Amino acid sequence: MSSWNRLFDEVKNKEYSKSLKEFLDKEYSEHTCFPPRRLMFNAFEQTELDNLKVVVIGQDPYHEKGQAMGMSFSVPKGIEVPPSLVNIYKEIYNEYHVPFDMKNGDLTYLAKQGVLLLNALLSVREHLALSHDIPEYSAFLTDTLRFISSLEKPIVFMLWGNWAKKLKKYITNPKHLIIECAHPSPLSANRGGWFNQNQFIRANEYLKKNNIDEIIWYRL
């Protein structure tokens, strides 16, 4: 995470950082929360800032035991692949027609290539979706997006669903590409706007146009 030090140096002395720590200390001591606290910033640890190419934003971590690993949409190998990730895999296959292991939900292979799998909320209480939806996380997400937007290199932002699309106001640098689609959850994806959008191909075309190595979206 050392490459992200500039971001964390900017936010560590802000008032919300102190109150966020106090909130998390209390929540993790009194309740079962996910992911394990040591993995809260796993997305930043797995994707080096210097290698950042794509940003995928999820809402909050999975809230059942064994699922959350600090990266949006990702679950450890051996854990049943959640429905949203099933649809992500289906669309990757639809676009590239390359068979790959869709029963392994660990997306570290994407993170290592430069895909920042960022959840807006970095933690959650067991069984309670959006239970850590607090202003402090909103402030951190805003600072993070503004920081990434300020980078003078082309980055693809993939905004899935109406909630994520609202974040594009923080992405102001014309160097970046914003791809908007429906959310991959079955409830949303099956209504249209997720499948057959060619979003992964479009992201790679943008990277290639800017002389940046493309993402291998399917697991080799």
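The values are calculated or read from the model by the stated rules, or taken from the named source; none is laboratory data. This is a predicted model, so every value here is computed, not measured. Ideal geometry is used to build each Cβ from the backbone, glycine not excepted, and the neighbour counts take in all protein chains shown.
Here are some notes:
- Meets criteria (over 27 Å from Ala182 (Cα atoms), surrounded by 18 or more Cβ atoms within 10 Å (Cβ to Cβ) and of a type in the set (A, V, I, L, M)) for Leu110: no
- The residue that is surrounded by the most Cβ atoms within 10 Å (Cβ to Cβ), among those in segment 129-146 that are over 24 Å from Asn51 (Cβ atoms) and under 17 Å from the mean Cα position of the chain (by Cα), is His132.
- Taking the listed residues Asn87, Asn104, the one that is under 27 Å from Leu187 (Cβ atoms), under 20 Å from the mean Cα position of the chain (by Cα) and part of a helix (DSSP H, G or I) is Asn87, with no other qualifying.
- Count - residues of segment 74-94 that are touching a residue at least 60 places away in the same chain (Cβ under 8 Å), of a type outside the set (A, V, I, L, M) and either buried (at least 18 other Cβ atoms within 10 Å of the Cβ) or within 18 Å of Asp60 (Cβ to Cβ) (or both): 4
- Qualifying residue in segment 66-78 (condition: at pLDDT 95 or above, closer than 25 Å to Lys166 by Cα, among the hydrophobic types (A, V, I, L, M, F, W, C) and not in a loop (DSSP other than H, G, I, E, B)): no
- Looking only at segment 176-193, and only at residues there that are over 17 Å from the mean Cα position of the chain (by Cα) and in contact (Cβ under 8 Å) with a residue 24 or more places away in the chain, the one that is surrounded by the fewest Cβ atoms within 10 Å (Cβ to Cβ): Pro186
- Those residues of segment 1-35 which are closer than 29 Å to Gly66 by Cβ and of a type in the set (Phe, Trp, Tyr), in sequence order: Trp4, Phe8, Phe23, Tyr28, Phe34
- Criterion (of a type in the set (Phe, Trp, Tyr) and without any contact (Cβ under 8 Å) to a residue 60 or more places away in the chain) met by exactly one of Tyr137, Tyr170: Tyr170
- Some residue of segment 148-158 being surrounded by fewer than 19 Cβ atoms within 10 Å (Cβ to Cβ), more than 23 Å from Arg202 (Cα to Cα) and of a type in the set (Asp, Glu): no
- Output for segment 147-175, where each listed residue is among the aromatic types (Phe, Trp, Tyr) and within 14 Å of the chain's Cα centre (by Cα): Phe157, Trp160, Trp163
- Subset of segment 107-126 that is part of a strand (DSSP E or B) and of a type in the set (A, V, I, L, M, F, W, C) - its residue that is nearest to Trp163 (Cα to Cα): Leu118
- Of the helices (runs of 4 or more DSSP H) lying entirely inside segment 146-220, the ones with 2 or more residues being in contact with a strand residue (DSSP E or B) (Cβ under 7 Å, 6 or more places away or on another chain) and not basic (Lys, Arg) are found at 199-209.
- Residue within segment 183-194 that is under 25 Å from Glu15 (Cβ atoms) and modelled with pLDDT of 95 or more present: no
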